[in-house]
Structure formats: structure tokens, C-alpha cells
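Each remark here refers to the structure printed beneath this line.
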Amino acid sequence: MAEILELVWILAKIVVLLVPLLIAVAYMTYAERKVIGWIQLRRGPNRVGAYGLLQPFADALKLMLKEIVLPLNANRGLFVIAPMLSIMPALAAWAVLPVGQGLVIADVNAGLLYVLAMASLGVYGVIVAGWASNSKYALLGALRAGAQVVSYEIAMGFALVGVLMASGSLNISEIVEAQAGPIWNWFWLPLLPLFIVYWISGVAETNRLPFDVAEGESEIVAGFHVEYSGMAFAVFFLAEYANMILISGLAAIMFLGGWYSPFHGLPVLGPIFDLVPGMIWFCLKVAFFLFCYIWFRGTFPRYRYDQIMRLGWKVLIPVTVVWLVVESVFILTGFGPWF
Amino acid sequence: MIELIIFYVFAAVLIFAATMVITARNPVHSALFLVLAFFNSGVLWLLAQAEFLGIAVVLVYVGAVMVLFLFVVMMLDINVAPLREGFARYLPVGVLVGAAMLLEMLLVLGSGELSAVGLAGGASEALGGVGTAQSNTALIGNVLYTIYVYPFEVAAVVLMLAIIAAIMLTLRRRSGTKHQDIAKQVHTRKAERLRVVRMNPEKRD
């Protein structure tokens, strides 16, 4: 009986986390169109509801009512499973991310490893979709996405090894607590090169502009999801945005002090800013990174494919390795307020 | 109770997936079932409280190795029929190898030396009685960098050799390819690529 109650409690926690997350995903698509609109001197969606605020729901309704076309000679089972494979890891990773002090579904010891493992599973959705569609554009998109994600995972993993060294723990709550203090105590400052590498590889991991060669609409139509329509396409779309929120959440936790306010621990400002709940600070930090995603999309041209690979292997990975050595020197000498 | 149910569910899926790896007709399906098998064995390790190993197998094998493996399988157009021709001929050899491996595993696992508890206990004894409260990532790290540091370093060097060898294999020069000199591209200046031409306005006729 007690076990069943515990299961119900866990399920309740999952629902409480996932419902706001999915609403955030829906409004992320709205925010993206609005911000891109402002960048390009347009208005963006403004017809459905006040300021177009109901646009995500209209889109969802439209996509749900559309027919899902199964291409001839497509591999049925895998074709249907692929969108699920891409959204499940994006949502599962949230199990260990604390959105506030103690507000986490599973406070596990190997949390950071778990997040990395889940992030690396996301690529299967893309690869399986590309192969099962039985279309050359889809296969090309899948191959590009696979190579790109595997390459950037290494740089991202190394960047997070730096965080692990600085905090001395794989437990995500402990990583945040290791950054307790004002803004200059957070890991972004001593780990600045790793932070930048993490962020670039995070954008590449989610296959977003300027690294979105997996979709590359001007070359391979829409890449891996070219054959998908209706709700199956919508699930890919949701997975992409859920992944963006996940990567941004990780960035906020690993480098920007998670739920701490920027003035935490200072004499006068500290207590005033601590009145704001930690969850709000976390969401603000995530929102900043999400805005950056859109900003990049509106600003940078797409990278050429070989340049993406070169950047990942020959620039980002060496930078992380060098900074890990520098960081070990910091740790040995007890440098600054961080180590 | 619930742990037992979870164990049996994942073990059943694992055995099913492992069987499908060798019986599936399509090589891509085989590879995907192998992914499923790895994932399930990772979950079983998690249940045995070996969280580091469980997650590492997902991270390394599922997240990286199998992706590359799938790549190759997807790009090769493998015809299954010729692969299946010699099945009956090779069956006795296969059975023999399988039986030998099963016997070896039974001998090692049956001796009781290699149970998870025994290993963790032995490691913590070797380190002077480290408490069991430590996470097993830290425990593995402590053992790996003290007692087993030489085997660990040797393994690292062997892997390094494999990496260098694999890269050397790709470094053959082919003629007729449009190879780009990246350094030259990066160091290019505006003056080399762009010419501003001053033209007098011309009258359209």
C-alpha cells in the first residue's frame, strides 16, 4: 500500500512538472515567432486572441486535425515510434533537474550523468525517422544530425566535466549549492571558456540555427521530418523545443547558479532579492537562454556542414581540454572564491 | 515487490530484444534491438544500485557507439539472403562457442567472488574501510585511480593507439578531390575576395 501511495505521489510530481513544461513549449513557439518578427520588423502572430496569445492552441488544433500520411514503402513501426523516441528523452531528463531549492522529482547522486545520457538518446528519434521514411532527403538529414550530435556531445560532456570538477559532485542539487553566493560566485566566471563551449554545443545538440543542417530547408527540404505530417510532425516540433528548454535549464543550473538570486549573500540586496522565490530566478535564467536561441536564429547565417564538424572537433574540444588543465591548477592552488 | 516487478519486466524485454538481435530479418532492426538490449541492461544495473555503470552503458554504448553503428548499417545496403545461407553449416560451431561462454560465466559468477556486494566490500576494505554511504561513482573513481591505476592507464594507451590508427587510415591522399585549405580560408582578407568597382552611370537604351 505504501509503495502504491509513493508511486501515485511520484506521478503527481511528474504531472506538476510536465504540464507547465508543455505549456512553456507551446508558448516558446509563440515567443519565437514574435521575437523573430520583431527582429525582421514584422508583427508576428497577432490574430488569434489578444496579441495572438492563443496562436499555439490554434496551431495544435490544426495539427491534430490533419491527416498523418504514411509514405509508401516506409517502415511502419519505426515511422510511428520515431517521434516518440525523440520527445521521451527530452522530457525524461527533467526528472533530475531542480527548479528550486529541493523542488526536484528525483534527487539522485549521478544526476549529471543521467542528464547527459538522456540528452544523448534524443538523436535516435532523428536517425530512426530519417531511415524509416524511406526518402533520400530524410536519410541525409538523419545522417547529418547523427554525426553532428555525436561530435558535439563530446565537447558538451567535457564542458560538464569542468562543472563536475569545480563542484566535486554529480548530484545536480549539490552542484547548484556549490555556487551559493552572488553572481560572481557562479561557475560561469571561472569556467567562462567551458560555458561558451557548452552553450555553442548546446545549440548544435538541439540542431538549431546556425547549426540546423539536419533540417536545412534550402538544401534538403526539411531533413529528417520531411515525410511527417499532422500530429507526428507536431511531436518532433515539441521535442525540439523541449530539448531547447532542457539545454537552457542545464545551462542555468550548471553555470548560472540555478535557483540563486544574483545578489544572494550580499548584506542589503541579498535578503531583498531572496524574497523572490528561487523558482522565479531559475525561470528567468532559462528564459534568457531561450531568448538567445531565438536571437541566434534571427541573426546568424547557417554554417556549412564541414565547418560545423571542424568547429566541434578542432576548436571546441581542444579548448575544453586545455581549460580542464587550467581548472585543475585553479583547484590545486585554491584560486579565488570558487575553489 | 515493485522492484521485483520492474526487474522482471526489464529482464523479459532484455531477453526478447537480445533474441531479436540475432533473428530479425532487417539489419537496421537488429541494430535497434541491440540498442534496446543495452538500454534494458543499463536499467538492470540501476536496479542493482550500480548507477554509474548503468548510466555509463546508456551514455557510451547507446548514446555514441550504437549511433555510429546504425550509421554504417543504414548506409550499407545489406542483402540478408546470402548472409543466411551458411546458417546450418556454422550452427555446430556457434553452439560450441555459446556453450563455452555459458560455462565460463557460470564458473565465474557461481564462485561468489564476483558478486556486486563482494566487490564493493573488497574495494572499501582495500581503501581502509570507506563507508558505504559514498556514491558508487566516487567509489569506482577511488579504486580506479589508486589500486588499478596501471591497468587503467594501459587501457587508455591502447584506446589512444586505436584512435591514432583509425585516423591514420583515413589520411590517404586522393587525387582529383576538391580539398579545401581551411587555414587559407580562415586567414583570407576582404581585399583578396572583394573588389569595389567604380563605374560611371550609364544610360539605359
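What the table below lists for this structure:
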read-out	value
Descending semi-axes in Å of the stretch A:222-266, equivalent ellipsoid built from Cα gyration tensor	36, 9, 5
Span from the the stretch A:93-129 Cα centroid across to the the stretch A:219-274 one, whole angstrom	13 Å
GNM flexibility winner over chain B from B:Tyr148, B:Tyr90, B:Tyr61 (Cα, springs under 10 Å)	B:Tyr90
Environment charge at A:Met309 (Cβ cut-off 15 Å; Lys +1, Arg +1, Asp -1, Glu -1)	+1
Rg(Cα)/(2.2 N^0.38 Å) for the stretch A:246-336, N = residue count	1.46
More than 34 angstrom apart: percent of Cα pairs within the stretch A:66-333	22 percent
Within a Gaussian network of chain A (alpha carbon springs, distance under 10 Å), most fluctuating of A:Ile87, A:Ile317, A:Ile280	A:Ile280
Debye log10 I(q)/I(0) at q = 0.13, 0.24, 0.25 Å⁻¹ for the stretch B:1-78, Cα point scatterers	-0.42, -1.06, -1.10
Cβ neighbours within 10 Å from other chains - mean over A:117-127	5
Size of the protein assembly as shown as Cα extents on the principal axes (Å, biggest first)	95, 73, 53
Residue order, fewest to most surrounding Cβ atoms within 10 angstrom, among A:Val8, A:Val108	A:Val8, A:Val108
Number of partner chain Cβ atoms within 10 Å, mean per residue of B:191-202	0
Kirkwood-based Rg to Rh ratio, chain B, C-alpha trace	1.19
Dimensionless Rg/Rh of the stretch A:1-65 - Kirkwood Rh, Rg from C-alpha atoms	1.25
The stretch A:35-161: projected area of the alpha-carbon convex hull, averaged over directions, in nm²	11.9 nm²
Shielding by partners - mean other protein chain Cβ count within 10 Å, residues of B:139-149	0
Sequence of B:Met1, B:Met74 once ranked by neighbouring C-beta atoms within 10 Å, starting from the fewest	B:Met1, B:Met74
Relative exposure of B:Glu192, A:Glu215, judged by other C-beta atoms within 10 Å (fewest first)	B:Glu192, A:Glu215
GNM result for chain A, Cα springs below 10 Å: residue of A:Leu192, A:Leu11, A:Leu91 fluctuating most strongly	A:Leu11
Whole-angstrom gap from the stretch A:15-68 to the stretch B:1-69, using each part's C-alpha centre	37 Å
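Bear in mind that the values in this text are calculations on the coordinates, not laboratory data. Model, not experiment: these values are computed from the prediction. For neighbour counting, all protein chains shown are included, and Cβ atoms are generated from backbone atoms with ideal geometry for every residue, glycine included.
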